[in-house]
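Reviewing the structure listed below.
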């Protein structure tokens, strides 16, 4: 009896997952793909921006910046690596610029989830893409058509 109940729950669960895939429209998947493309567009500018700022800052190297960034702004750790005031100021300036881009990416996701995709659809799509191969295939097709 337990085996039958387990099988029944498994079949019902699979049916629900399959039904969820059918309820996600191509329009919602397209909006999700557009949101992700916008986020990638913004976040892909972070590394080049950081590299450009490092190049422009006299006395700063990529290696030293990584060392500074590794402290995560902790004053004790900054003191341990003998960070100079100008280095800390530079680190803070760069981190502010990075945060602005990350915040913009989050805002895009929030706006798209709220107005274009729907919050519940957004969550369903995000979860489904991790586990539902059919949904993932539909998404990849739609995403590729946007490029």
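Name every residue in the range 127-144 that is crowded, with 16+ Cβ neighbours inside 10 Å and under 13 Å from residue 23 (Cβ atoms), in order of residue number.
Matches in the range 127-144: 128, 132, 135, 138.
Restricting attention to the range 97-138, which residues are touching a helix residue (DSSP H, G or I) at 6+ places or on another chain (Cβ under 6 Å) and outside any helix (DSSP H, G or I)?
The answer is 132, and nothing else.
Anything in the range 73-91 that is more than 13 Å from residue 60 (Cβ to Cβ) and either free of Cβ contacts under 8 Å to residues at least 12 places away in the same chain or assigned to a helix (DSSP H, G or I) (or both)? List them, or say none.
74, 75, 76, 77, 78, 79, 80, 82, 85 - these are the residues of the range 73-91 that are more than 13 Å from residue 60 (Cβ to Cβ) and either free of Cβ contacts under 8 Å to residues at least 12 places away in the same chain or assigned to a helix (DSSP H, G or I) (or both).
Only one of these is at pLDDT 90 or above and under 27 Å from the mean Cα position of the chain (by Cα): 22, 74. Name it.
Just one listed residue meets the conditions, 74.
The values are calculated or read from the model by the stated rules, or taken from the named source; none is laboratory data. Because the structure is a prediction, the values reported are computed rather than measured. FYI the Cβ positions are ideal-geometry reconstructions off the backbone, even for glycines, and counts take in every protein chain you see.
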